[in-house]
C-alpha cells in the first residue's frame, strides 16, 4: 500500500520528476498534440457543439498540462516503488484522474472510496459507452450500500468497476465518539432555541440556489425561537453572498460557521437540518435528525422524500409549516423507513465499515 500526500507538490519524488529530461520531452510532445488537434478542429469540424466544447477545453490547456505532468510523476513513482494497491478517498474527482491513469499504466490496482451521495444529474457519474473505454473510475468502488451500487450500474451500464458495499467509513467515528457540549458548538443559544442547521451548496441553477437561501433566511426571521446556522460547502468561499441575502430578507438571528467547524458535532446538536440535495442530508438522517429538503422543482434529487426520511418543501409557506410542526413536536421519524434507509444507503451503522474496507484491501 502506497501512501501519497494529496499536496504532492512538496514531495521530493514529484520535484525529482521535474528534473528528468524525458519529462519535458513528453510534456512538449503532449502540448504539440493538443495544439495540432485544436488547429484541425477549428478548420475541419462543422459541429458547432464540438467546436464550443473543444474551445472551452483548449482555453484550460494549462490545467490539462498540469494533469499530464502529475500523470508522469505518478507513473514514474509507481515504476520505481513496488505498489500493490492505490486507495483514494474520492472515486470520481478530476484531481484523482492523473493518479488513477498512472496506476493503471503500471498495473497497480486502484480502489476508490465513495466520497458522498450522487445522483442521475451528477456529471462525475454519467459516462457514455465510449467514455467508459478511457477508464474514468478506479478498478474497485467501495460503495456505501445497495442503493448506490444500483444507481452506479444504472448510470454506467457498461462500466468495468468491481462494486463492493462496505458502508460509510467516516461514519465509524461518528458511532463511537463523544461530542462536546452544545454551548461549545452553538454558543450564545438558549435551551429553548430551535437550532436549524442549513447545509448550503453550489448548484447548477443559481436562481434556485438563491431562492433556497432567501426562503431559509425569511423563515428564520418569521418563526419565533429559531436560531439559524449555515454550514457552507467547501467550494463556497463567498461568505458575503449569504450575508447580503440575509440582509435583504431582514434576518439577523443567524450565523455563518467557519469552515473548520466539525460537521458531525453540528448535526448532533442541531434540532433540524435543511438542505437541497447535499450529502449532509444523508448524514443527518443516519444521526436521526429531522431533515427538511428544499425541492422547488419536485425532483427529489437524492430520494430523501421518496424514501420517507425527509420532509419535502417547495416554497416559503411549506418550509415554515414544516419548521412549526417540528417545534410543536408533531414530527416523528418513521422507524421502518429509517432502518430501510440505513440498509440501502449505508449498509450498517455498526461502526465496522473501516474493517470491511480493510478486508477488501487485504484480499
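Values quoted throughout were computed directly from the atomic coordinates according to the rules given, and no laboratory measurement underlies them. Keep in mind the model is a prediction, meaning the values are calculated, not measured. Note: ideal-geometry Cβ built from the backbone for every residue, glycine included; neighbour counts use all protein chains shown.
What the table below lists for this structure:
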{"item": "Approximate spin-label separation residue 163-residue 327, in nm, with each point projected 7 Å along Cα-to-Cβ", "result": "4.3 nm"}
{"item": "Relative contact order of the chain, defined on C-alpha pairs under 8 angstrom at six or more residues apart (%)", "result": "14 percent"}
{"item": "Helix 335-346 vs. the chain, principal-axis angle (Cα, 0 to 90°, nearest 10)", "result": "10 degrees"}
{"item": "Likely footprinting exposure, 348, 158, fewest C-beta neighbours within 10 Å first", "result": "158, 348"}
{"item": "Potential lengthening between residue 36 and residue 60 on full extension [0.36 nm per residue; Cα-Cα distance subtracted]", "result": "7.1 nm"}
{"item": "Principal-axis tilt of helix 239-249 within the chain, Cα atoms, nearest 10 degrees", "result": "30 degrees"}
{"item": "Antiparallel DSSP beta bridges within the stretch 179-346, as percent of all bridges there, nearest 5", "result": "0 percent"}
{"item": "Length-normalised contact order for the stretch 78-173 - Cα pairs under 8 Å, 6+ apart - percent", "result": "26 percent"}
{"item": "Orientation-averaged projected area, Cα convex hull of the stretch 199-295 (nm²)", "result": "5.9 nm²"}
{"item": "The stretch 1-78 - Rg and Dmax from Cα coordinates, angstrom", "result": "15.8, 48"}
{"item": "Rounded tilt (10° steps) of 48-58 against the dominant C-alpha axis of the chain", "result": "80 degrees"}
{"item": "Separation of alpha-carbon centers, the stretch 318-363 and the stretch 192-249, rounded to whole Å", "result": "24 Å"}
{"item": "Share of alpha-carbon pairs per 10 Å distance bin for the chain, given as whole %", "result": "5, 20, 27, 24, 16, 7, 1, 0"}
{"item": "Per-selection Rg to Rh, the stretch 41-124 - Cα, Kirkwood hydrodynamic radius", "result": "1.09"}
{"item": "Computed lengthening from residue 335 to residue 204, 0.36 nm per intervening residue step minus Cα-Cα distance", "result": "43.8 nm"}
{"item": "For the stretch 230-341, the spread of Cα positions along each principal axis, largest first, Å", "result": "41, 31, 28"}
{"item": "Space enclosed by the convex hull of the alpha-carbon atoms of the stretch 317-363, per residue, Å³", "result": "116 Å³"}
